[in-house]
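FYI, it's all coordinate maths here, none of it is from the lab. Note that the structure is predicted; figures quoted are calculated from it, not measured. As a convention, Cβ positions derive from the backbone with ideal geometry for all residues, glycine included, and neighbour counts pool all protein chains shown.
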Amino acid sequence: MRLRLVRRALADAKRRKTWWQRNRPDATHLFEQELGATLERIAASPGIGQRVERRDGDVWVRRWLMPKTHNHVYYAIEGTEIVVLAIWGAPRGRGPKLWLSIE
């Protein structure tokens, strides 16, 4: 399956990568390494994420936890495409506000 990140997810990834590099000097590349491995895992097995919100009838938003950096990757499966909607800090205790349409 093809994997695509919407603008918001790309901005989330960039912001978190920058934060990680500035604030975790002993593991500056951990976030981008874990995100890369997570995206590969989701692409290989899209159904692995926990269902968190139903969209557009039968389409579910799913999330997958990146345990080392404590971030969730929110995504939906749209036909033959996996669309990453957001990357969100799990410690916030709530999820992001997700749109009904995919950019």
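For the range 16-43, a tally of residues being closer than 15 Å to H70 by Cβ and exposed (fewer than 12 other Cβ atoms within 10 Å of the Cβ) returns 1. If you go through the range 19-32 and pick out every residue that is touching a helix residue (DSSP H, G or I) at 6+ places or on another chain (Cβ under 9 Å), in a helix (DSSP H, G or I) and of a type outside the set (G, A, S), you end up with 6. A single member of A43, A13, A76, A9 is in a strand (DSSP E or B) and among the small types (G, A, S), and it is A76. Checked against the criterion of being out of contact with any helix residue (DSSP H, G or I) (no Cβ under 8 Å at 6 or more places or on another chain) and over 20 Å from P96 (Cα atoms), the range 61-69 has no qualifying residue. Please go through the range 44-61 and give me each residue that is surrounded by 12 or more Cβ atoms within 10 Å (Cβ to Cβ) and of a type in the set (K, R), ordered by number. Answer for the range 44-61, where residues must be surrounded by 12 or more Cβ atoms within 10 Å (Cβ to Cβ) and of a type in the set (K, R): just R55. Between residues in the range 44-70 that are over 21 Å from E34 (Cα atoms) and residues that are surrounded by fewer than 14 Cβ atoms within 10 Å (Cβ to Cβ) and hydrophobic (A, V, I, L, M, F, W, C), which pairs lie under 8 Å by C-beta distance while being six or more apart or on different chains? Partner pairs satisfying both residue conditions: R55/L100; D56/L100; W60/V52.
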